[in-house]
Amino acid sequence: MMSHNRILVVEDEDNVRDVLAEFLSYRGYLVETAANGLKALPKLGEFAPDLLLTDLQMPGLDGFGLIRRAHEQDPDRAIVVMSALARSELTDAQVNAYTAGYVTKPIDPDELIAVIERAIAASAHGQPS
């Protein structure tokens, strides 16, 4: 199944970022990566991803700041968070309001694809993320 949807993967751990990019590319997504929020910001405009897949805890501009900036730039862009924290531990109301999905690390590949597909479908149909 070739989707051609664009995903920007933002993760500070090189090996995790590379594995995610390879896995998502294999699944038919067009993938760009960034090591942190600051490096991701220009790619939000240049690459124009359909979905932002971001870690929360990163040096520089962390995932919380990146999510806010990405939402300001395009409120309809799907955003999925990946974190070692359980979603119930996430107390940032804006991040919870702006994200369409959440995946706990270590990441289950089947769960990741299901969350991404739901988030992109909801975004494409204009449903709030």
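Surrounded by 13 or more Cβ atoms within 10 Å (Cβ to Cβ), assigned to a helix (DSSP H, G or I) and at pLDDT below 95, is that true of ALA122?
Working: surrounded by 13 or more Cβ atoms within 10 Å (Cβ to Cβ): yes; assigned to a helix (DSSP H, G or I): yes; at pLDDT below 95: yes.
For ALA122, the condition - surrounded by 13 or more Cβ atoms within 10 Å (Cβ to Cβ), assigned to a helix (DSSP H, G or I) and at pLDDT below 95 - is met.
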Exercise for the section: Inspect region 12-32 for any residue being under 22 Å from ALA122 (Cα atoms), in contact with a Leu (Cβ under 9 Å, 6 or more places away or on another chain) and of a type outside the set (A, V, I, L, M, F, W, C) and give the result as yes or no. Expected result: yes
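Here is a yes/no grid of residues against (1) over 18 Å from ALA100 (Cα atoms); (2) without any contact (Cβ under 8 Å) to a residue 40 or more places away in the chain; (3) of a type outside the set (A, V, I, L, M):
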{"site": "TYR26", "(1), (2), (3)": "yes, yes, yes"}
{"site": "LEU30", "(1), (2), (3)": "yes, yes, no"}
{"site": "THR33", "(1), (2), (3)": "yes, yes, yes"}
{"site": "ASP50", "(1), (2), (3)": "no, no, yes"}
Fill in the blank from the handout: Restricting region 22-42 to residues that are surrounded by fewer than 18 Cβ atoms within 10 Å (Cβ to Cβ) and part of a helix (DSSP H, G or I), the one farthest from the chain's Cα centre (by Cα) turns out to be TYR26
Exercise for the section: Working only within region 48-60, note down all residues that are closer than 18 Å to GLN73 by Cβ and either in contact with a Lys or Arg (Cβ under 6 Å, 6 or more places away or on another chain) or not in a loop (DSSP other than H, G, I, E, B) (or both). Expected result: PRO49, ASP50, LEU51, LEU52, LEU53, THR54
Practice task
Kindly indicate whether any position in region 79-86 is surrounded by 18 or more Cβ atoms within 10 Å (Cβ to Cβ), at pLDDT 95 or above and assigned to a helix (DSSP H, G or I).
Solution key: no
Practice task
Look through region 87-101, keep the residues that are more than 22 Å from LEU24 (Cβ to Cβ) and surrounded by fewer than 16 Cβ atoms within 10 Å (Cβ to Cβ), and return whichever of them is modelled with the highest pLDDT.
Solution key: ALA97
Fill in the blank from the handout: Out of (1) farther than 19 Å from THR104 by Cα; (2) surrounded by 18 or more Cβ atoms within 10 Å (Cβ to Cβ); (3) modelled with pLDDT of 95 or more, the one THR54 does not meet is (1)
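Does LEU44 count as at pLDDT 95 or above and in contact with a His (Cβ under 7 Å, 6 or more places away or on another chain)?
On the way: at pLDDT 95 or above: yes; in contact with a His (Cβ under 7 Å, 6 or more places away or on another chain): no.
No, not satisfied.
The values are calculated or read from the model by the stated rules, or taken from the named source; none is laboratory data. As the structure is a computational prediction, the values presented were derived from the model and not from experiment. Virtual Cβ from ideal backbone geometry, glycine too; neighbours counted across all protein chains shown.
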